[in-house]
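Trainee: Please find one structure pasted underneath; my questions will follow.
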Amino acid sequence: MKVNKGILFVLLGAACFGFTPIFAKLGFGFGYTLGQINIVQMTISFILLWALTLIKRPSFKGLTKKNVMQIMMTGCFIGLTTIFYYASMQYLPASLAIILMFQFIWIGIIIEWVFSKATPSPVTILSIVLILVGVFFASNIINGDVQGLPIKGLVFGILSAFTYAGFIFFSGKVAVNVNALTRSSLMVTGSTVLVFVLFARDIPAVLPLEGNLIMIAIGVSLFGAVLPPLFYAVGAPLVSGGIANILTSIELPITILLASAILSEMVTPLQWLGTAIILVAIALNELGTNLFRMKKLQ
């Protein structure tokens, strides 16, 4: 029963992330700029997370001046991911932007290889190859659709994958003994400061706050920064790390499905095939690597 509950909450957390590009796309459709959306999103996320922190009063044990700055710097990576991810959606369909961002999986493996000297297993290398094959189909290269897409969008999409991989790498290394809610609040503080610095010129354009902008910002904040961590906090301890990583990949098909249903984006059968291959590669990497290690121990 506990495992089922854990799986449910992890899936809900991942599903929430799948809604964020939809809100971002709607925001651009209303005519709001990248800066306006990011400023209001980060402000709301900052207020909600710190309000939750003050209400729950988690432990601040383990915090030092040094690791507070390190946690905030780690938060800058997720801030950059949001900026690059949304920027890519200014030029690309949401279904393609999420596929590009999901390249963080193999990029993260390479980062681990370079900085932690963790040599990829044969199963991991096979997974990387499968992911690249999946991207080939999912990006619709066969039909020539990618050739007409702006280079800016493709670059921003890949940059979001690099910064997200960096966030995952450093978040697993920095102040891991500090309370999760406290860390999240400090990370969002770092993201908020970064966004305010990068989009300082857009701050006057945010006021007076319009109803549509507030709705978009609340949507991306709740589904991107508030609800997923809460669902993961409940569900992740009830399932293994490998299973949790596989479950979180549900964000990919959910985003593509929502982009098709809500934004009326065209998604071909080949793109769905590519998405399926990427998901299989993720599952293979998480489950296959463990099996490979077990066989080596025997």
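Trainee: What is region 1-83 by shape, rounded, prolate or oblate, if you read a ≥ b ≥ c off the alpha carbon gyration tensor as root eigenvalues and call it rounded for a/c under 1.5, prolate for a/b larger than b/c, and oblate otherwise?
Mentor: It comes out oblate by the Cα gyration axes.
Trainee: I've got another one for you. Express the carbon and sulfur contribution to the solvent-accessible surface of the chain as a percent, rounded to the nearest whole number, probe 1.4 angstrom.
Mentor: 73
Trainee: Please compute the per residue accessible area over region 45-143 with all protein chains in place, 1.4 Å probe, rounded to a whole number of Å².
Mentor: I get 50 Å² per residue for region 45-143.
Trainee: Give the relative contact order (percent, whole number) for the chain; include only Cα pairs under 8 Å separated by 6+ residues.
Mentor: About 43 percent, as a whole number.
Trainee: Also, quick follow-up: When 1/r is averaged over all different Cα pairs and the result inverted, which Kirkwood radius in Å belongs to region 153-258?
Mentor: 16.5
Trainee: On a full-extension model of 0.36 nm per residue, what is the gain between L198 and I262, subtracting their alpha-carbon distance, rounded to one decimal in nm?
Mentor: Gain on stretching L198 to I262: 20.0 nm.
Trainee: Another question, if that's okay. Taking a ≥ b ≥ c as the square roots of the Cα gyration tensor eigenvalues, with a/c under 1.5 meaning rounded and otherwise prolate when a/b beats b/c, else oblate, which class fits region 1-150?
Mentor: Oblate, since a/c reaches 1.5 and b/c is not below a/b.
Trainee: Number of Lys pairs in the chain with C-alpha atoms less than 21 angstrom apart, excluding same-chain neighbours closer than eight positions?
Mentor: Lysine pairs meeting both conditions in the chain amount to 6.
Trainee: Only Lys, Arg, Asp and Glu count, each charged at its Cβ (+1, +1, -1, -1), so figure out the dipole size of the chain about its Cα centre, rounded to 20 debye.
Mentor: 1140
Trainee: Now, a different point. In terms of the Cα gyration tensor, with a ≥ b ≥ c the square roots of its eigenvalues, is region 153-197 rounded because a/c is under 1.5, prolate because a/b exceeds b/c, or oblate?
Mentor: Since a/c reaches 1.5 but b/c is at least a/b, the shape of region 153-197 is classed as oblate.
Trainee: Summing -39500 (n - 2.57) over the DSSP H runs of n ≥ 4 in the chain and dividing by its residue number, what mean residue ellipticity at 222 nm do you reach, to the nearest 500 deg cm²/dmol?
Mentor: -23500 deg cm²/dmol
Trainee: Given R₀ = 51 Å, FRET efficiency for L273-A51 by Cβ-Cβ distance, to 0.05?
Mentor: E(calc), rounded to 0.05, equals 0.70.
Trainee: Work out the FRET efficiency for Q90 and K65 from their Cβ-Cβ distance, taking R0 = 35 Å, and round it to the nearest 0.05.
Mentor: Result of the calculation: an efficiency of 0.40.
The values are calculated or read from the model by the stated rules, or taken from the named source; none is laboratory data. For clarity, every value in this text was computed on a predicted model and none was experimentally measured. We place every Cβ from the backbone using ideal geometry, glycine too, and count neighbours over all the protein chains shown. These accessible areas exclude ligands, DNA and RNA; they are computed on the full protein's heavy atoms, side chains included. Shrake-Rupley method; radii C 1.70, N 1.55, O 1.52, S 1.80 Å.
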